[in-house]
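In what follows, a structure is listed as structure tokens, so that the remarks can point back to it.
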Amino acid sequence: MARINLKNISKSYDQKCVLNNINMIIEEGTFTVLLGPSGSGKTTLLHGIAGIVNFDSGEIHFNEQLMNHISIDKRNAVLVDQNLLLFPHMNVKDNIAFGLKMRKVNKIEIERKVDELLKLLELNGHENKYPNELSGGQMQRVAIARALAIGVEVLLLDEPFSKLDIVLRKNMQEFVRNLQQTLKVTILMVTHDQEEALSIADKVALLMNGEIKQYDTPHCIYEKPISKEVADFFGVRNYIKGNIINGNFSTDIGIFKTKVLNQQNITFMFRPEEIEIVSEQGPYITGVVTKRIYSGDKIVYTIKVQHTELVVSSFTYKDYQVGDDVTLTLLFDNAVYF
Ligand code: ADP
Ligand code: MG
């Protein structure tokens, strides 16, 4: 098991800065997800840790050991990405055993290890198949088994599930999560899918424009974003500006009761689920539904309150239509302000 420590990592391509002074510690035996939009530098960072690319500056440590000049094959870190480089002419068993054979491990030990991995990766019954006879999910599992066979301490997964259909993707996410908890291997996984990141990770690092914008638990990064930039990455947000005086939050769209202490020029962020449509009339603000999107588990409304449009998601059975007048209240309990 290894703890990964990245110190002042920078990398440019053709004078374009791709990674800008990254500092990050990935604790041993944790599942960390590197999340970010396409082109933000995720793969570059992962490849640098694996030893496939060299960073321009900075240090990579696995535990206390400096890895910068250690070659790929001696890093004990394996990269699994969408380009599953399984050997097409070898069956599943031989693919898994390959690294062990190269290391001249004895035959009995190879048999034992491969059997153990076939079981662990739920590949029993497929051991004699060739890669072209496997599903996408099975190929993923063979690639992971092959990495685990050689006893890696760090598993680097680059958008491993992005080519799988939604059902298979969910299965693989759960599978890899359970595997990680069984083996306690350190996993750093790249994804651009926020839902995948939040559901699978111990910690999420949000990488944007070559910088880690927030590195936190899924709960904190989603509920307590440290900036508007981070908040916006996780979906549509409502920002309401105003002043709080004696429990009244006065804004352009009305006055709301809050327990937050007096403050001038404050901007509150409300996620769509933190604005509620209420049935009672009273000391609430009113608006008009201008858009309604049904999405199965919820309905997302755009509601115009004077000149401001608010996005509100509703989980109740009460259905409103475009043109309806609605009464709104803000849920301040967890609301973040900047
Ligand atoms: P991500 O994985 O987040 O989509 P990448 O790390 O692949 O992002 O790429 C980050 C940026 O670096 C992109 O603008 C990409 O074009 C550039 N880049 C990546 N690899 C190379 C390379 N070998 N040569 C030149 N530019 C590169
Ligand atoms: Mg990438």
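The values are calculated or read from the model by the stated rules, or taken from the named source; none is laboratory data. If you're wondering where the values come from, they're calculated on a predicted model, not measured in any experiment. Methodologically, a virtual Cβ is constructed for each residue, glycine included, from the backbone with ideal geometry; neighbour enumeration extends over all protein chains shown.
Looking only at segment 83-97, decide whether some residue is surrounded by fewer than 14 Cβ atoms within 10 Å (Cβ to Cβ), within 16 Å of ligand 1 (Cβ to nearest atom) and within 19 Å of residue 189 (Cβ to Cβ). Yes. Of the residues 231, 205, 197, the single one that is surrounded by 15 or more Cβ atoms within 10 Å (Cβ to Cβ), at negative phi, small (Gly, Ala, Ser) and in a strand (DSSP E or B) is 205. What do you reckon, is residue 281 surrounded by 11 or more Cβ atoms within 10 Å (Cβ to Cβ) and modelled with pLDDT under 90? Judged against the criteria, residue 281 is not a match. Among the residues of segment 19-31, those that are surrounded by fewer than 21 Cβ atoms within 10 Å (Cβ to Cβ) and of a type in the set (A, V, I, L, M, F, W, C) comprise 24, 25. For segment 32-58, the set of residues classified as out of contact with any Phe, Trp or Tyr (no Cβ under 7 Å at 6 or more places or on another chain), surrounded by 23 or more Cβ atoms within 10 Å (Cβ to Cβ) and farther than 14 Å from residue 206 by Cα consists of 49 only.
Can you find, within segment 12-53, the residue that is farthest from ligand 1 (Cβ to nearest atom) among those that are hydrophobic (A, V, I, L, M, F, W, C) and without any contact (Cβ under 8 Å) to a residue 60 or more places away in the chain? Within segment 12-53, the match that is farthest from ligand 1 (Cβ to nearest atom) is 25.
Of all residues in segment 143-170, those that are within 16 Å of ligand 2 (Cβ to nearest atom) and assigned to a loop (DSSP other than H, G, I, E, B) total 5.
Taking the residues in segment 206-236 that are polar (S, T, N, Q) and in contact (Cβ under 8 Å) with a residue 40 or more places away in the chain as candidates, determine which candidate is nearest to residue 335 (Cα to Cα). Of everything passing the filter in segment 206-236, 227 is nearest to residue 335 (Cα to Cα). Mind listing just one residue for me: the one in segment 108-137 that is touching a residue at least 40 places away in the same chain (Cβ under 8 Å) and surrounded by 13 or more Cβ atoms within 10 Å (Cβ to Cβ) and, of those, farthest from the chain's Cα centre (by Cα)? For segment 108-137, the residue satisfying everything is 130. Within segment 1-11, if we keep just the residues that are of a type outside the set (A, V, I, L, M) and surrounded by 15 or more Cβ atoms within 10 Å (Cβ to Cβ), the residue that is farthest from ligand 1 (Cβ to nearest atom) turns out to be 3.
Every residue, every condition in (1) out of contact with any Gly (no Cβ under 7 Å at 6 or more places or on another chain); (2) within 18 Å of residue 154 (Cβ to Cβ); (3) β-branched (Val, Ile, Thr), yes or no:
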| residue | (1), (2), (3) |
| --- | --- |
| 10 | no, no, no |
| 43 | yes, yes, yes |
| 49 | yes, yes, yes |
| 62 | yes, yes, no |
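Is it fair to say residue 184 is at pLDDT below 95, among the basic types (Lys, Arg) and away from ligand 2 (no atom under 16 Å from the Cβ)? Judged against the criteria, residue 184 is a match. Is it the case that residue 171 is without any contact (Cβ under 8 Å) to a residue 60 or more places away in the chain, surrounded by fewer than 16 Cβ atoms within 10 Å (Cβ to Cβ), in contact with a helix residue (DSSP H, G or I) (Cβ under 7 Å, 6 or more places away or on another chain) and closer than 25 Å to residue 91 by Cβ? Yes.
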